[in-house]
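Engineer: Before anything else, here's the structure in question.
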Amino acid sequence: MIAIEDDARLTQLFSGETIRNRVAELGAAISGDFSNVSEADPLYLIAVLKGAFIFAADLIRAITVPCTIDFLSASSYGTAKTSSGTVALRHSLSVANRHVLLIEDIVDTGLTLQRISDELTAQHPASLGICTLLDKPAARKHPVRIAYTGFSIPDRFVVGYGIDYGEHYRQLPYIGFFSS
Ligand code: 5GP
């Protein structure tokens, strides 16, 4: 485990300011696309814990149309850097007839979002879209249709801005990767 103090080995990929600007753009695009929602039928944001909690907190403040938010717990990595190939989901959400937008930190193989989408689609939402802060297209094994992407990145293991390594580094205001 690399100590938090040892972030000299962390190379910054996106600064806090770059992330802020992109989140503002995503919020504007989502608000434009969902201009038809109302207080009676608001956009339903569902953020995937834990990694998307900071992204979701910033994104919801950049969305100007009526919306509500809930959280769903998904874990596929444990404390390792490679996917376990199984996804454990925890939630008690009702999405029937709702306009749902899933908020994810990273789409890697696509397995997590495929599992979540399959489970929620079975409840017949009015619509189901995906917004991810980061996309690693080179790592995709399970096809997922992403409506909003913050940044496409190479297949590197990243941390920061809510994204962890062994539960550490979530508090970093930027996104970085470890240089060897
Ligand atoms: P997928 O199911 O698409 O393979 O993986 C999605 C999940 O794996 C993400 O939500 C995230 O929790 C984790 N993940 C994928 N790539 C990375 C990475 O580079 N760093 C960290 N910390 N987690 C990652």
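Engineer: Relative to 2.2 N^0.38 Å, what does the C-alpha radius of gyration of the stretch 74-180 come to as a ratio? Two decimals please.
Structural biologist: 1.10
Engineer: Given a cut-off of under 8 Å on Cα pairs at least six residues apart, what relative contact order in percent is computed for the chain? Working shown, then result.
Structural biologist: Details: 344 pairs, mean separation 44.7, N = 180.
Taking the mean separation of contacting Cα pairs over the length of the chain, I get 25 percent.
Engineer: I would also like to ask the following. Under the definition of Cα pairs under 8 Å and six or more residues apart, what whole-number percent is the relative contact order of the stretch 108-180? Can you show the working numbers first?
Structural biologist: Numbers: 98 pairs, mean separation 18.0, N = 73.
Relative contact order comes out at 25 percent.
Engineer: Could you give the nm distance between label points at SER75 and GLU39, where each point is 7 Å from its Cα heading toward the beta carbon?
Structural biologist: 4.0 nm
Engineer: Continuing with the same structure: Quick check on packing: order 49-56, 68-75 by the mean number of other C-beta atoms within 10 Å, highest mean leading.
Structural biologist: Details: 49-56: 21.6, 68-75: 15.9.
The packing order, highest mean first, is 49-56, 68-75.
Engineer: Suppose each label sits 7 Å from its Cα in the direction of the beta carbon; what would the THR68-ALA24 distance come out to in nanometres?
Structural biologist: Using points 7 Å along Cα→Cβ, the separation is 3.1 nm.
Engineer: Same structure again: Given only helices, namely DSSP H runs of n ≥ 4 each adding -39500 (n - 2.57), what is the per-residue ellipticity at 222 nm of the chain, to the nearest 500 deg cm²/dmol? Can you show the working numbers first?
Structural biologist: Values: 3 runs with 37 residues, N = 180.
Taking each H run of at least 4 residues, the total per residue is -6500 deg cm²/dmol.
Engineer: Return the sequence-ordered ³J(HN,Hα) values of the stretch 148-154 in whole Hz as given by the Karplus equation 6.51 cos²θ - 1.76 cosθ + 1.60 applied to θ = phi - 60°, using x for Gly and Pro.
Structural biologist: Rounded to whole hertz, the list is 9, 10, x, 9, 8, 10, x.
Engineer: In µm²/s, what is D for the chain at 10 °C and 1.306 mPa s, where D = kT/(6 pi eta Rh) by Stokes-Einstein and Rh is the Kirkwood radius from Cα pairs?
Structural biologist: Working: Rh = 16.7 Å.
For the chosen part, D equals 95 µm²/s.
Engineer: What distance in nm separates the two pseudo spin-label positions at ARG156 and ARG61, each 7 Å out from Cα along the beta-carbon direction?
Structural biologist: Between ARG156 and ARG61, the label points sit 2.8 nm apart.
Engineer: Under the rule of at least 5 residues apart or a separate chain, name every residue whose amide H is placed under 5 Å from the amide H of HIS99.
Structural biologist: TYR44, ALA126, SER127
Quick note: the coordinates plus some simple rules give every number you see, no bench work behind them. Because the structure is predicted, anything quoted here is derived from the model rather than measured. In this analysis, Cβ positions are derived from the backbone assuming ideal geometry, glycine residues included, and neighbour counts consider all displayed protein chains.
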